[in-house]
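The next block holds one structure in the form of structure tokens; read it before the comments.
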Amino acid sequence: MIADDHPERLEKLTRLREAGVLNDAEFERRKALLRQQDHISSDAVSETRAHTPALDTTIRRHRWLFRVLIIPVAGALGLCLATPAAAIDCTKAGNAVEKRICASGELKQADASLNRAYAALLRAAPDAEIRAMIVTSQRRWIKARDHDLESNLEGQPLSIAIVRDAIGSRAADLRDRSKTGLIAQALAQRRYLGQFPRGAFSGFASDCGFFPADRNQESFTYSCMGMVSVQNGDRLCAMSEDWATYAIYTHYGMSRIAAGRASPAAYCDPQSATGCGDGESGWQAVGAELPKNFPVLGNGVDKLDAENGLLLDDDNRAWFTSCLTKPGFPHLGQ
């Protein structure tokens, strides 16, 4: 029988397999170890540490996709739109990261600095929409923190040093007012989207989480994979990017909108074709069966998301502009 905490650890392993950090054989081996955990000595556990490859190269090549935000953020941040962030109330610390912060004067000081940076970022937001985006983004980070950073793959609590460095990294990111900062990126998204009427089907969706950044699990990277859809009249163009097996996979879709419904019309998988531009051979018509990786946004999508950098890439913006404005795009069969 699997111990009470094993389902969460099994879910971590599943996410790492889906991201390509673990292959199928390693995943199965680790899953079997979880079932035997109660009977394995601490020495045996240490011998089975993860051998996950570093993500540094991928992060450098896709900096907009992998914002290296190693951030166990305080769970009691002031997330209300009307009030600034507040330090953790240690009388109500509810999870392992919060309790570790409350037990350390050094970490409590770092947490206070983080909260000041968060409050300042909220005050700097130029309008309610971007302010709400910051709050949503922070909640997403906290959710990932609570799920991923309580322990490593072997169930060992993460060290104070990891938490300290993570808080400092997060605070620095919240203070960023350059063109790579959250507010500047959100404004850049808005400028591009302003060319087209904001349709009901336009929006962003991101899946974010923490992954080991080195083989010894001594640091973790917070990374976001993304999808975006943009509507222009009766045309809806969408793009998604995912990371798996040490590579970025992109998928393109075009739908027609009628009577309040979006009907997928064409799909392109550049991994198995020569290109997904107008008239290029990668496009295929969508029939009764929707392609597995067709980019479709669910309900409740975000209208701005500074962590989703798909619209900040020049080539991607050029593709969206072509898809949204060229008559007859993608000219299937021509």
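3J(HN,Hα) couplings calculated from phi for segment 126-135 with the Karplus curve 6.51 cos²θ - 1.76 cosθ + 1.60 (θ = phi - 60°) are, in sequence order, x, 7, 5, 5, 6, 4, 5, 4, 5, 5 Hz; Gly and Pro show x. Distance between the 7 Å Cα→Cβ label points at ALA120 and ASP314: 3.2 nm. Along its first, second and third principal axes, ordered by size, segment 135-288 spans 54, 34, 27 Å in Cα coordinates.
Show me the GluC sites (Glu not before Pro) within segment 216-317 that DSSP assigns to loop and that have at most 13 other Cβ atoms within 10 Å of their Cβ.
GLU289
Given a Förster distance of 22 Å, report the FRET efficiency between LYS292 and LEU10 from their Cβ-Cβ distance, rounded to the nearest 0.05. Between LYS292 and LEU10 the formula returns 0.35. Figure legend: label point modelled 7 angstrom from the Cα of ALA200 along Cα→Cβ; residues of segment 223-263 with amide N under 11 Å from it are 258-262. Taking the Cβ-Cβ separation of GLU218 and THR91 as r and a Förster radius of 25 Å, what is the calculated FRET efficiency to the nearest 0.05? Efficiency, rounded to the nearest 0.05: 0.20. Note that segment 231-334 shows a convex hull volume over its alpha carbon atoms of 126 Å³ per residue.
Values in this text are rule-based calculations from the coordinates and carry no lab data. Predicted model, so just to flag it, every value in this text is computed and none were measured. Here the Cβ is made from the backbone with ideal geometry for all residues, glycine too, and neighbour counts use every protein chain on show.
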